[in-house]
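Undergrad: Quick one: the structure is below, and I'll ask about it shortly.
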Amino acid sequence: MITVISQSTDPSTLIMERLGKVSQSNRSFDIEFWQRQGSTAIFAAWEMVVEAYQWKKKSDSELAFQRTVECLKSLRG
């Protein structure tokens, strides 16, 4: 598992990425990421999730966090 934390040209912007297999991941990266964001950002993100569900006319009781998974493969011949 590779975790990349880098600073952009703007000192207030922090970039965090985790690369690796989903089967080898744990929640430590997610916990660290959201702890760095603070409670205001967490609440704002949750409000966006609720609003998106309301636009789709789905029940708020269905809400749950999901992980996004990307698969990168080498195209070596």
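Undergrad: Where the second residue is modelled with pLDDT of 85 or more and among the small types (Gly, Ala, Ser) and the first is over 24 Å from Lys73 (Cβ atoms) and lies in region 18-36, which pairs have Cβ atoms under 9 Å and are six or more apart or on separate chains?
TA: Trp34/Ala41; Trp34/Ala45
Undergrad: Among the residues of region 3-17, which ones are under 27 Å from Lys73 (Cα atoms) and either surrounded by fewer than 11 Cβ atoms within 10 Å (Cβ to Cβ) or modelled with pLDDT of 80 or more (or both)? Spell out how you get there, then give the answer.
TA: At the first step, the residues of region 3-17 found to be under 27 Å from Lys73 (Cα atoms) are 3-8, 14-17.
Hits for region 3-17 are Val4, Ser6, Gln7, Ser8, Ile15, Met16, Glu17.
Undergrad: Could I ask something else about it? Under the condition of being more than 20 Å from Ser25 (Cβ to Cβ) and charged (D, E, K, R), which residue from region 39-75 is modelled with the lowest pLDDT?
TA: Result: Asp60.
The values are calculated or read from the model by the stated rules, or taken from the named source; none is laboratory data. Note that this is a predicted model, so its numbers are computed, not measured. With ideal geometry, Cβ positions are generated from the backbone for all residues, glycine too; neighbour counts draw on all protein chains shown.
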